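> One structure coming up, written as structure tokens, with questions to follow.
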Amino acid sequence: MSKAHEQHTSTQVPVIAGGMTLGVVGAGVMGQTLIRGLVASGLIDASRMWAGDKNGATCEAVSQELGIPVESSYESRVPTSDLILICVKPNDAPLVMGTLRNAGLRRETL
């Protein structure tokens, strides 16, 4: 292994800078997998994450399992989020995009 490769792999770069928040809309299999991977790899602390899902039972189960807030009414979190991953089926995307826009999604949110 080259020295440059060793340096790159030994230094973890956070997904987003300290103090910033990551939201995941869609807490199904894909959303949960991304959350688990990001937290397990140490790329982001669970305390800086939230998720939203249209199914109330999913919200409760995922919140307990992953230790992050998961809500069906996540609109209040949108204006203060710095990065939002959209993990929904294509048919649900227009509704989610409208919800994000109406909730005050900032222009600089990724």
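The values are calculated or read from the model by the stated rules, or taken from the named source; none is laboratory data. These numbers were taken from a predicted model, which means no experiment stands behind them. Note that we place each Cβ from the backbone using ideal geometry, even for glycine, and neighbour counts take in every protein chain shown. Only protein heavy atoms, including side chains, enter the accessible area calculation; ligands, DNA and RNA are left aside. Shrake-Rupley method; radii C 1.70, N 1.55, O 1.52, S 1.80 Å.
> Residue under question is residue 48, and the condition is that it be closer than 26 Å to residue 98 by Cβ, in contact (Cβ under 8 Å) with a residue 24 or more places away in the chain and charged (D, E, K, R); does it hold?
yes
> Can I ask one more? Considering the range 29-49 alone, what residues qualify as being farther than 12 Å from residue 67 by Cβ and of a type in the set (Val, Ile, Thr)?
Across the range 29-49, the qualifying residues are 29, 33, 44.
> Same structure again: Could you grab me the full set of residues in the range 56-103 that are surrounded by 14 or more Cβ atoms within 10 Å (Cβ to Cβ) and either small (Gly, Ala, Ser) or without any contact (Cβ under 8 Å) to a residue 12 or more places away in the chain (or both)?
Hits for the range 56-103 are 60, 61, 63, 72, 81, 97, 103.
> Please verify whether residue 53 is under 15 Å from residue 31 (Cα atoms), more than 11 Å from the chain's Cα centre (by Cα) and open to solvent by 40 Å² or more (accessible area, probe 1.4 Å), treating the condition exactly as stated.
No: the conditions fail for residue 53.
> Continuing with the same structure: Hey, among the residues in the range 31-47 that are modelled with pLDDT under 95 and in contact with a strand residue (DSSP E or B) (Cβ under 9 Å, 6 or more places away or on another chain), which one's most open to solvent (accessible area, probe 1.4 Å)?
So, considering only residues that are modelled with pLDDT under 95 and in contact with a strand residue (DSSP E or B) (Cβ under 9 Å, 6 or more places away or on another chain), the one most open to solvent (accessible area, probe 1.4 Å) is 39.
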